[in-house]
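Remarks on the structure that follows.
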Amino acid sequence: MYSDAAAAALYDVLNPWNPETYPSDAFHHRLVLAAGSVLDVGCGTGTMLGYARDHGHTGRLVGIDPDRAALDRARRRTDVEWFEATAAEADTRTGGGFELAVMTGHAFQVLVTDEELRRSLAAIHASLAPGGRFAFETRHPQARAWLDWIPANAADVVDPTGRTLRTWHDVESVDADVVTFTGTTADPDGTVLRVDRSRLRFLDVPALNGFLVTAGFTIEAQYGDWEHGRVTPSSREIVTIARR
């Protein structure tokens, strides 16, 4: 088997944070450095905030995540505040008053039900100072990204202990705008070590903006890519900056 701690470490291998390499990371990094205080909702192992601190951020940096194994890795950094909490607890666990809240890595899509979305957006809104901004991205449903989540697209990786692994995804169902899928971690010979089941919601622009406006946000900007291009019929992303 493959433990939660090992899976959290493997996540950093599969999803490295590097604004010099990845346009999505550069987009968020610029916003983080420009804000005096930042709340990372769904911070995972904390690499974004650690990178910001290493590159000159001197203000308050706070990360929240419900995944204890991921937070255990994040807490190796003692110059950032970490809280085990969901997005719906963003305001009550952190004290609020942030200039910027972010959700990176398509973490926004784990908010699947209407109730989760409403409660989470209300809490994020409440965690911001007046005029504070919330930046996040979600995969545009028109791109149907889940069509690539198939075993044929398996990836061979080496984890932090030097162990060679094979990882892949497999979609179980597409029900309206919710996609249910599994992520498998295996030995190179196919021996399964771990299977994680996930659900993601793919909101289109009108539905997404409806939830944001109901929560009290104003849409400041919305892009279809990381270079600030507009949302078009071929966009794969919906990158949003909303203001309290």
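The values are calculated or read from the model by the stated rules, or taken from the named source; none is laboratory data. Note that the structure is a prediction, hence the values are computed from the model and not measured. All Cβ positions, even for glycine, are placed from backbone atoms using ideal geometry, and neighbour counts span all protein chains on display.
So which of Arg144, Arg166 ends up being touching a Pro at 6+ places or on another chain (Cβ under 9 Å) and either more than 17 Å from Tyr223 (Cβ to Cβ) or of a type in the set (S, T, N, Q) (or both)?
That would be Arg166, the only listed residue that is touching a Pro at 6+ places or on another chain (Cβ under 9 Å) and either more than 17 Å from Tyr223 (Cβ to Cβ) or of a type in the set (S, T, N, Q) (or both).
For the structure I just gave you, tell me whether Leu193 is touching an Asp or Glu at 6+ places or on another chain (Cβ under 7 Å) and either of a type outside the set (Gly, Ala, Ser) or at pLDDT below 95 (or both).
Considered against the rule, which asks whether it is touching an Asp or Glu at 6+ places or on another chain (Cβ under 7 Å) and either of a type outside the set (Gly, Ala, Ser) or at pLDDT below 95 (or both), Leu193 comes out as yes.
If a residue counts only when it is under 19 Å from Val110 (Cα atoms) and either aliphatic (A, V, I, L, M) or in contact with a Cys (Cβ under 9 Å, 6 or more places away or on another chain) (or both), which helices (runs of 4 or more DSSP H) contained entirely in region 1-58 have at least 3 such residues?
Because the criterion is at least 3 residues that are under 19 Å from Val110 (Cα atoms) and either aliphatic (A, V, I, L, M) or in contact with a Cys (Cβ under 9 Å, 6 or more places away or on another chain) (or both), the helices (runs of 4 or more DSSP H) in region 1-58 that meet it are 4-14.
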